[in-house]
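Colleague: Take a look at the following structure, please.
The values are calculated or read from the model by the stated rules, or taken from the named source; none is laboratory data. None of these values were measured; they are calculated from a predicted model. Virtual Cβ from ideal backbone geometry, glycine too; neighbours counted across all protein chains shown. Remember, those area values only see protein heavy atoms, side chains included, never the ligands or the DNA or RNA. Shrake-Rupley method; radii C 1.70, N 1.55, O 1.52, S 1.80 Å.
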Amino acid sequence: NAGVMQNPRHLVRRRGQEARLRCSPMKGHSHVYWYRQLPEEGLKFMVYLQKENIIDESGMPKERFSAEFPKEGPSILRIQQVVRGDSAAYFCASTGLAGEDTQYFGPGTRLTVL
Amino acid sequence: GQQVMQIPQYQHVQEGEDFTTYCNSSTTLSNIQWYKQRPGGHPVFLIQLVKSGEVKKQKRLTFQFGEAKKNSSLHITATQTTDVGTYFCAGLSNDYKLSFGAGTTVTVRA
């Protein structure tokens, strides 16, 4: 009974490079949420996706950030031209049904921008 | 938009003592959830409260949902070192948007 999987667990990038974070939801789940957690801070909602649809991206920065959840494969959070302020832990969570509220979190990807 | 506030931000507790952390929403909630994140780990679901005035217990943890469904509390009795971590509340609005509080980070003095 695999849980939510994220990779890589740790990612180091230099300023200006691209970061790609992957999230495979729990088996049978089709709803994915991405959160950002800065050191010593709480979880900030970024985006909510279903397969092939972005449902709510109100928490996503307007530039450099994008997310997708294709019909096949994991959800991808993409950060272009990373800056030091992007250093954070990025968690994804999944749920099964629309409106189902308990979220199951992955182990997170810790992004460090040098 | 909906805002969820948690206090205190930090809680330093002597082992064996009790403490309470509070969660307040700017809007009425459909339900409230609590999560725990251990240092270096990821948030793990603890419990969900749905009914007005609901109280649920998990061993030494007591969760309460306010009558107006806008606030909640988590009370831990006889704190142990295993209670270390950050406790987040998350409020589900009527349009199914989950908003997390900033968390209460708990440290325990042995």
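Colleague: So, taking all protein chains as they sit and a 1.4 Å probe, how much accessible area belongs to A:E40, in Å² rounded to tens?
Modeller: Accessible area, nearest 10 Å²: 140 Å².
Colleague: Let me ask something additional. Just counting partner chain Cβ atoms within 10 Å, what average do the residues of peptide B:43-54 show around their Cβ?
Modeller: Taking the mean over all residues of the peptide, I get 2.
Colleague: While we're here: Ranked by accessible surface with a 1.4 Å probe, highest first, in what order do B:D95, B:D18, B:D83 come?
Modeller: Numbers: B:D95 115, B:D18 85, B:D83 10 Å².
Final ranking, largest accessible area leading: B:D95, B:D18, B:D83.
Colleague: So, with +1 on the Cβ of K and R and -1 on the Cβ of D and E, and no other charges, what is the size of the charge dipole of chain A about its Cα centre, to the nearest 20 debye? Numbers along the way, then the final one.
Modeller: Values: 16 positive and 12 negative charges, 118 e Å.
For this selection, approximately 560 debye.
Colleague: Which entries in A:K51/B:K57; B:K36/B:K57; A:K51/B:K97; B:K69/B:K97 show an alpha-carbon gap greater than 27 Å? The partial results should precede the final answer.
Modeller: Values: A:K51/B:K57 36 Å; B:K36/B:K57 15 Å; A:K51/B:K97 18 Å; B:K69/B:K97 15 Å.
The answer is A:K51/B:K57.
Colleague: Related question: To the nearest whole percent, what portion of all C-alpha pairs in segment B:2-84 is separated by more than 14 angstrom?
Modeller: Numbers: 2193 of 3403 pairs.
The proportion of pairs with Cα distances above 14 Å equals 64 percent.
Colleague: Using the Karplus curve 6.51 cos²θ - 1.76 cosθ + 1.60 with θ = phi - 60°, work out ³J(HN,Hα) for each residue of segment A:54-59 in order, rounded to whole Hz, and write x for Gly and Pro.
Modeller: 9, 8, 8, 10, 5, x
Colleague: May I have the convex hull volume per residue, in Å³, for the Cα set of chain A? Spell out each step's value before the answer.
Modeller: Values: hull volume 11.3 nm³, N = 114.
Per-residue hull volume (Cα only) is 99 Å³.
Colleague: If you average the sequence gap of Cα pairs under 8 Å that are 6 or more apart and divide by the length of segment A:3-73, what percent do you get for the contact order? Can you show the working numbers first?
Modeller: Working: 91 pairs, mean separation 14.5, N = 71.
It comes to 20 percent, rounded to a whole number.
Colleague: A follow-up question, please. When all protein chains stay in place, what accessible area (Å², nearest 10, 1.4 Å probe) is found for A:S30?
Modeller: Accessible area, nearest 10 Å²: 40 Å².
Colleague: Taking loop as defined by DSSP and a crowding limit of 13 other beta carbons within 10 Å, which chymotrypsin sites (Phe, Trp or Tyr not before Pro) in segment B:79-110 fit?
Modeller: Numbers: sites: B:Y87, B:F88, B:Y96, B:F100; in loops: B:Y96.
Taking segment B:79-110 and a limit of 13 other Cβ atoms within 10 Å, no loop chymotrypsin sites (Phe, Trp or Tyr not before Pro) are found.
Colleague: What accessible surface, in Å², does a 1.4 Å probe find on B:M5, ignoring ligands, DNA and RNA and rounding to the nearest 10?
Modeller: 110
Colleague: Follow-up question, since we're still on this one. Where does each of B:K69, A:K51, B:K57 land when they are ordered by accessible area, with a 1.4 Å probe and the largest first? Please list the in-between numbers first.
Modeller: Details: B:K69 45, A:K51 75, B:K57 150 Å².
Reading off the accessible areas and sorting them downward yields B:K57, A:K51, B:K69.
Colleague: In Å, what is the Rg of the alpha-carbon atoms in the protein assembly as shown, and how long is Dmax?
Modeller: According to the Cα coordinates of the protein assembly as shown, Rg and Dmax are 17.7, 51 Å.
Colleague: Sticking with this structure for a sec: Put +1 on the Cβ of each Lys and Arg and -1 on the Cβ of each Asp and Glu in chain A; which of A:L11, A:Y48, A:W34 then has its Cα farthest toward the positive end of the dipole?
Modeller: The listed residue farthest towards the positive side: A:L11.
Colleague: Let me ask another. On a C-alpha basis, how far is the centre of segment B:1-58 from the centre of segment B:60-91 in Å? Whole number, if you could?
Modeller: 4
Colleague: Taking Rh as the Kirkwood radius, which is the inverse of the mean 1/r over Cα pairs, what is the Rg/Rh value for segment A:59-114?
Modeller: Numbers: Rg = 13.2 Å, Rh = 13.1 Å.
My calculation puts Rg/Rh at 1.00.
Colleague: Same structure, new question: Between B:F45 and B:T28, what is 0.36 nm times their sequence separation minus the Cα-Cα distance? Round to one decimal in nm.
Modeller: Values: separation 17, 0.36 × 17 = 6.12 nm, distance 2.12 nm.
Between B:F45 and B:T28, full extension yields an extra 4.0 nm.
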